[in-house]
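Chemist: I'd like to ask you about the structure that follows.
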Amino acid sequence: MEHIVIPASLRPADGRFGSGPSKVRPEALRALADTATTYLGTSHRRDGVRSVVRRIRTGLASLFDLPDGHEVVLGNGGATAFWDAAAFRLIERRSLHYVFGEFSRKFADVVRDAPFLDDPMVVEAPFGAHPAPVTEPEADTYALIHNETSTGVAMAVSRPPVNGLVVVDGTSAAGAVPVDASEFDAYYFSPQKAFAADGGLWVALCSPAALERIESLAATRWAPPFLDLRRAVADSRKDQTLNTPALATLFLLADQTEWLLERGGIAWAADHGRRAAGIVYGWAERAPFAKPFVRDPAMRSTTVATVDLDDSVAASAVTGVLRANGIVDVESYRGLDRNQIRIGMFPAVDLGDLERLVAAVDWVVEQIGA
Ligand SMILES: *Cc1c(COP(=O)(O)O)cnc(C)c1O
């Protein structure tokens, strides 16, 4: 079956539709290659690299329209490392987590295992939906997730009408979905999703309240130096990181931030996402063998689309043929265990390529016989 050759007219120009790592723009990689003798292989303590970190910090402040007093903080280890750091330096005693997929579950698990924190309160929804917001006076921190990458469910970021730090996993939404800085205290993400960069880094947009919480917990609670957000804040202010960062990741993040700003920022990216969602969910609604996994259109992600296939069509057979033809990473999230495909629709992904992708899926299903 893998020898089936998809006609050229149905083949996307770029076959990368992963949900992270996601497509990196070839132009950005060429720009990186153009720095061949001046950037990679130079010290991250010197201006050549620090100026790139500065571009990231000023670029993101502008892209997210951060009010005065907010800071762009960054460090090594990705969003997964940030969960550990948040357990030490953002959650005072007890957090409340919305859990509706594998990533939001992982953060709640980190907190449950932390011996110095109370067990978290967890508000769950069946995968494929998100729970309704709640308020809980006992919570000193609300752990939100803007886009559950494992299920393709988006949930608006909004501050509950009680005290408590609002800490948001924005990893697969940041840079593509609007968010209002007054609604969060820490909005963190890794750059290998909507920011079309490489992984290994976390970025957190921090409000004055988050910065204050970091200070006060640093005065009272030990943390491993690598996870100490007070150090990360101090280093970021100097356009540095605690230890050596991946310089390619920094370059690609700076490049993509400026690329987004040139196009009209998050408003442009959100429009791209709406049009991409129109293509993919529109197709899934029409195709007799497919339907959107997320039933409520209001909860459907505009960056990661999950599409269930009919039992008569094995998703693994479809993705196998696609992969053999250079169309990669549309397999569903491994832990979800559904007959499903998952399509990354981040700003770097061309809308014409998405049209060709869904046409290619139709064609492949016809060939393998539903
Ligand atoms: C990918 C992802 C993560 C994990 O990011 P890493 O860089 O691999 O640590 C966390 N949360 C969400 C929502 C993600 O999509």
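Values in this text are rule-based calculations from the coordinates and carry no lab data. Keep in mind that this is a model prediction, so the values were computed, not measured. Cβ coordinates were reconstructed from backbone atoms using ideal geometry, including for glycine residues, and neighbour counts include every protein chain displayed.
Chemist: Assuming 0.36 nm per residue, please report the length gained on full extension of the stretch Lys291 to Asn243 beyond their Cα-Cα distance.
Modeler: Details: separation 48, 0.36 × 48 = 17.28 nm, distance 4.59 nm.
Full extension of this stretch gives 12.7 nm more.
Chemist: How would the chain be classified by its alpha-carbon gyration tensor: rounded, prolate or oblate, with rounded meaning a/c under 1.5 and the a/b versus b/c comparison settling the rest? Could you put the intermediate results ahead of the total?
Modeler: Details: a/c = 2.10, a/b = 1.36, b/c = 1.55.
The shape class here is oblate.
Chemist: Another question, then. May I ask you to sort Ile145, Ile279, Ile91 by Cβ crowding, counting other Cβ atoms within 10 Å and putting the fewest first? Please report the intermediate quantities before stating the final value.
Modeler: On the way: Ile145 28, Ile279 19, Ile91 24.
The most exposed by this proxy come first: Ile279, Ile91, Ile145.
Chemist: Turning to a different aspect of this structure: With a cut-off of at most 16 other beta carbons within 10 Å, and DSSP calling the residue loop, which GluC sites (Glu not before Pro) in region 126-201 qualify? Please list them.
Modeler: Those that pass, being in a loop and sparsely packed, are Glu138.
Chemist: Among the aspartates and glutamates, select those whose C-alpha is under 15 Å from the C-alpha of Lys106, and discard any that sit fewer than 8 residues away in the same chain.
Modeler: Candidates past the 8-residue exclusion: Asp84, Asp119, Glu124, Glu148, Asp169.
Chemist: Quick check on region 130-255: take the gyration tensor over C-alpha atoms, sort the square-rooted eigenvalues as a ≥ b ≥ c, and tell me if it's rounded (a/c under 1.5), prolate or oblate.
Modeler: Numbers: a/c = 2.17, a/b = 1.12, b/c = 1.93.
Cα axes put region 130-255 in the oblate bin.
Chemist: Going by alpha carbons, how many degrees (0 to 90, nearest 10) lie between the helix axis of 247-263 and the longest principal axis of the chain?
Modeler: 70
Chemist: Please compute the modelled spin-label separation between Ala33 and Glu138, points set 7 Å along Cα→Cβ, answer in nm with one decimal.
Modeler: Placing both labels 7 Å beyond Cα along the Cβ direction yields 5.8 nm.
Chemist: Also, I was wondering about something else. Quote the FRET efficiency, to the nearest 0.05, computed for Arg112 versus Thr220 with a Förster distance R0 of 25 Å and r equal to the Cβ-Cβ distance. Let's see the in-between values first.
Modeler: Values: r = 21 Å, r/R0 = 0.86.
Computed FRET efficiency for Arg112 and Thr220 comes out at 0.70.
Chemist: Going highest first, how would you order 93-99, 121-127, 352-358 by mean Cβ packing within 10 Å? Don't skip to the answer; put the middle values down first.
Modeler: Working: 93-99: 21.4, 121-127: 17.1, 352-358: 19.6.
Ranking, from highest mean packing down: 93-99, 352-358, 121-127.
Chemist: Tell me the label-point distance for the pair Arg263, Ser51, using the 7 Å Cα-to-Cβ offset, in nm and rounded to one decimal.
Modeler: 2.6
Chemist: Take the chain, connect every pair of alpha-carbon atoms lying under 10 Å apart with a spring to form a Gaussian network, then pick out the residue of Phe82, Phe189, Phe116 with the largest mean-square fluctuation.
Modeler: Phe116
Chemist: Placing +1 at every Lys and Arg Cβ and -1 at every Asp and Glu Cβ, with all other atoms neutral, what dipole size does region 107-194 have around its Cα centre, in debye to the nearest 20? Display every interim value, and only then the final one.
Modeler: Values: 3 positive and 13 negative charges, 79 e Å.
The dipole magnitude comes to about 380 debye.
Chemist: If I model a spin label at Asp119 and Ala8 as a point 7 Å from the Cα along the Cα→Cβ vector, what separation in nanometres do I get?
Modeler: 6.2
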